[in-house]
Amino acid sequence: MERLRQILTRIDGRGYKAYKDIQGEYRFPFFTLYIDYVQGDPFASPSRIRVRMDQQRARYDRQWYADEHRRIALEDWVLRQAAREVQSLSFRVQGTGKSGLFAVDRPGQEILPRTAVVVNERYVELRLTVGLPARGRTVLGNKAIQMLCEDLPRLVQRSLPASSFDREKLEERLRLADNQKAIRDYLREKGWIAFVANGSILPRESGVSDRPLRHGRVVPFQSPPTMEVAIEVPHGEPIRGMVIKDGITLIVGGGYHGKSTLLKALERGVYDHIEGDGREYVITDRNAVKVRAEDGRRVEKVNISPFINNLPFGRDTVRFSTDDASGSTSQATNIMESLEMGASCLLIDEDTSATNFMIRDGRMQALVAKGKEPITPFIDKVRQMYEELGVSSVLVLGGSGDYFDVADSVIMMDEYLPRDVTEEAKAIAAAKSNGRKREGGDSFGEVTHRVVLSKGFDPRKGKKEKTDAKGLHTIQFGTTTVDLSALEQLVDVSQTRAIAEMMRLLGRMADGRKTLKQLVDELYGRIEEKGLDVISPYFGQHPGDLALPRKLEVAAAVNRLRTLSVQ
Ligand code: ADP
Ligand code: MG
């Protein structure tokens, strides 16, 4: 630490480039500081540092991190604690541009595996960025000393050692993680899709906030008695709530009665949520995928023939490509690409679906001959998809009772409370013919795996490689922009950053033989072995702002790369 002080004193008043001298490793009384990367000027992306405290000092109980799910919950805990301290220290020192900045990755309502904090048997490490202070382009050495040698040690002391924790709250968080895992394991064992605990708060504060709705009247979730189960958990009483089994589940009900809100909660249930979120015990199979219409997207040689045939001008639907998909062809594509990646369940909302993809009623069948209609609607495929491929569906549908014929269970949302109306719906279906003929043949059709080619991935912009997230739903990949706004289960910009890095790697791994699924599986194999750091070009130093996405979203991003090329 003294050496760092000396360098900073020496370079005080010099040009900003002199800061490069502080790159390196420094022993502080309670931790080690690694200055991995020093920014080129006060406006450039900030400098990257790590602080590492040995377990002899940090004194974490081994039980806090021995199991993976606990370790992830603990790392998230440490990060949130550090984020609060960072907030209060940032910009206490002032100067030009980013001078005085302290920043760490900022988690939302989900608990995700991240690179910002690493806990293991030897140490706990926090990765930050700092804005090294300057006036104009002149080094403010004394202010840098305040930041790195005074404020930073305080931040470390207040957020890393176990003695800085509210242990009771941490233990509670870890018990929650155990219970969430137990419910996930239970669902997997049974082959079921989702669980929504009684008392869950599903609605969110607003369309732009993911926090729970608090003001006004909030109706806590309550399972219909016929759909209720009690799941044994390691801590506390068994947790009771509604289970959605495999098969085809409809969510019906009047407009504004909470259908979409329930489906959204199920979409997010693929991740674990923090205490106080209201969705702590809304758990959905990890491989459930929200699919929607996405007109305008590009499609590269996807086999959509299970849904679409006989396009005008004899266009191929076994290898369907377009630069501008329609509502129905985009929705068919999104489904087929999800099946390619091994989706377990499709989550579909009428609000974001193409009507002609979802349904074609008896009268329309009578008017427009099958030969003139390229689309086999989802209603005629949904059972085959379940029976032949084992892929379930949860569908929000307020507008079409034709689905009663194909559903295993029907949930009606009634003033925000679910009712089991399966029997009534079946009785109506039996009593009233809808006059429609089944379409779509005897079997679902083939899910075709595609071999992706490296030539479609060009991360260069000018002479340099440039791949980065521009917000949650956009990736800049070389000179092309990838639009991810249809990926509703992408929840954190750090996941988007990770996907940008992964796409770069996938482009290198593509060898003209491996399918997209094989490539993504292989990449995740490496991550499992070496940790998420491995995808970063700063491996071994500081990739402090990445969070793990699902394989499904990674593949979905690749599929939306407009230059993608498939054999
Ligand atoms: P639908 O899809 O049935 O038309 P939504 O799910 O969009 O209805 O919900 C309509 C409104 O009701 C939304 O503003 C939502 O936040 C609110 N809402 C949903 N569930 C609840 C609930 N349990 N308690 C209070 N408000 C809710
Ligand atoms: Mg709705």
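The values are calculated or read from the model by the stated rules, or taken from the named source; none is laboratory data. Nothing here was measured: the structure is a model prediction, and the numbers come from that model. Glycine also receives a Cβ, built like all others from the backbone with ideal geometry; neighbour counts cover every protein chain displayed. Accessible surface is based on the protein model in full, side chains and every heavy atom, while ligands, DNA and RNA are left aside. Shrake-Rupley method; radii C 1.70, N 1.55, O 1.52, S 1.80 Å.
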Compute the distance in nm between two label points, each set 7 Å from the Cα along the Cα-to-Cβ direction, one at ASN142 and one at SER443.
-> 8.1
Given 80-86, 277-283, the highest-first ranking by average Cβ count within 10 Å works out to 277-283, 80-86
Are there trypsin sites (Lys or Arg not before Pro) in region 497-567 that DSSP marks as loop and that have at most 11 other Cβ atoms within 10 Å, and which are they?
-> ARG513
Shape call for region 454-559 from the C-alpha gyration tensor, a ≥ b ≥ c root eigenvalues: rounded (a/c under 1.5), prolate (a/b greater than b/c) or oblate?
-> rounded
Expected unfolding gain across ARG154-ASP324 under the 0.36 nm per residue rule, minus the alpha-carbon gap, is 55.8 nm
Paramagnetic reach from VAL208 in region 252-281 [backbone N under 17 Å; point 7 Å along Cα→Cβ] | none
Near the amide H of LYS461, under 5 Å away, which other amide H atoms are found, from residues 5 or more places off or on another chain, if H is placed in the peptide plane?
-> LYS466
Calculate the dipole size of region 2-164 relative to its Cα centre from +1 charges on Lys and Arg beta carbons and -1 charges on Asp and Glu beta carbons; express the result in debye to the nearest 20.
-> 520
Chain lengthening between SER485 and GLU171 when straightened (0.36 nm per residue, less Cα-Cα) | 109.4 nm
Using the Kirkwood radius over Cα pairs of the chain, the Stokes-Einstein translational diffusion coefficient at 4 °C and 1.567 mPa s, in µm²/s and rounded to a whole number, is 50
Per the Cauchy relation, a quarter of the hull surface: what is the mean projected area of the convex hull of the alpha carbons in region 2-164, in nm²?
-> 8.9
Per-pair calculated FRET efficiency, R0 = 45 Å: ALA66 and HIS215 via Cβ, rounded to 0.05 | 0.65
13 Å cut-off, amide nitrogen to a point 7 angstrom out along ALA162 Cα→Cβ, residues in region 66-83 = 66
Too long for a 29 Å Cα-Cα cut-off, among LYS143/LYS470; LYS98/LYS181; LYS461/LYS551; LYS372/LYS426; LYS290/LYS432, are LYS143/LYS470; LYS98/LYS181; LYS372/LYS426; LYS290/LYS432
Spatially proximal lysines relative to LYS370 (Cα-Cα < 21 Å; intrachain offsets below 8 disregarded) | LYS381, LYS437
Would you mind giving the three semi-axes, in whole Å and largest first, of the ellipsoid equivalent to region 303-405 according to its Cα gyration tensor?
-> 20, 19, 13
Can you figure out the FRET efficiency of PHE43 with LEU417, using R₀ = 41 Å and their beta-carbon distance, to the nearest 0.05?
-> 0.15
Relative contact order for region 454-559: what is it in percent, counting Cα pairs under 8 Å that are at least 6 residues apart?
-> 27
Extension length gain for SER433 and THR32 (0.36 nm per residue less Cα distance), in nm, is 137.0 nm
If each part is reduced to its alpha-carbon centroid, region 298-322 and region 409-430 end up apart, in Å, by 36
Cα gyration tensor category, rounded, prolate or oblate, for region 133-191 with a/c compared to 1.5 = oblate
Round to a whole angstrom and tell me the spacing of the C-alpha centers of region 149-212 and region 486-514.
-> 26
Where the only charges are on Cβ atoms (+1 Lys, Arg; -1 Asp, Glu), what is the dipole of region 454-559 about its Cα centre, to the nearest 20 debye?
-> 520
Mean Cα-pair separation over length for the chain, i.e. relative contact order, pairs under 8 Å, 6 or more apart, % = 13
Under 18 Å by backbone N from the virtual spin label 7 Å along Cα-to-Cβ at ASP185, the residues of region 64-89 are 64-74
Per-peptide average of other Cβ atoms within 10 Å, ordering 477-485, 243-251, 266-274 highest first | 266-274, 243-251, 477-485
If r is the Cβ-Cβ distance from GLN55 to GLN518 and R0 is 41 Å, what FRET efficiency results, to the nearest 0.05?
-> 0.60
Roughly how many Å² is the accessible area per residue of region 1-119, as a whole number, for a 1.4 Å probe?
-> 44
Once normalised by the length of region 166-448, the mean sequence separation of its alpha carbon contacts under 8 Å that are 6 or more apart gives a contact order in percent of 22
Going by average Cβ neighbours within 10 Å, how do the peptides 159-172, 223-236 rank, with the highest at the top?
-> 159-172, 223-236
For the chain, whose charge dipole is built from +1 on Lys and Arg Cβ atoms and -1 on Asp and Glu Cβ atoms, the candidate among GLY236, PHE404, LEU132 with its Cα farthest towards the positive end is LEU132
Listed residues ALA288, LEU187, TRP64: farthest to the positive end of the dipole of the chain (Cβ charges) = TRP64
Report, in debye and to the nearest 20, how large the dipole of the chain comes out about its Cα centre when Lys and Arg carry +1 and Asp and Glu carry -1 on their Cβ.
-> 2400
Can you work out the accessible area per residue across region 166-448, with the rest of the protein chains kept in place, probe 1.4 Å, in square angstrom?
-> 44
Answer with one residue from VAL421, LEU453, SER330: the one whose Cα lies farthest towards the positive end of the charge dipole of region 330-466, charges on Cβ with Lys, Arg +1 and Asp, Glu -1.
-> LEU453
Quantify, in whole percent, the carbon and sulfur part of the accessible surface of region 2-164 (1.4 Å probe; protein heavy atoms only).
-> 45
Classified through the alpha carbon gyration tensor (a ≥ b ≥ c as square roots of its eigenvalues; rounded if a/c is under 1.5, else prolate when a/b is larger than b/c, else oblate), region 166-448 comes out prolate
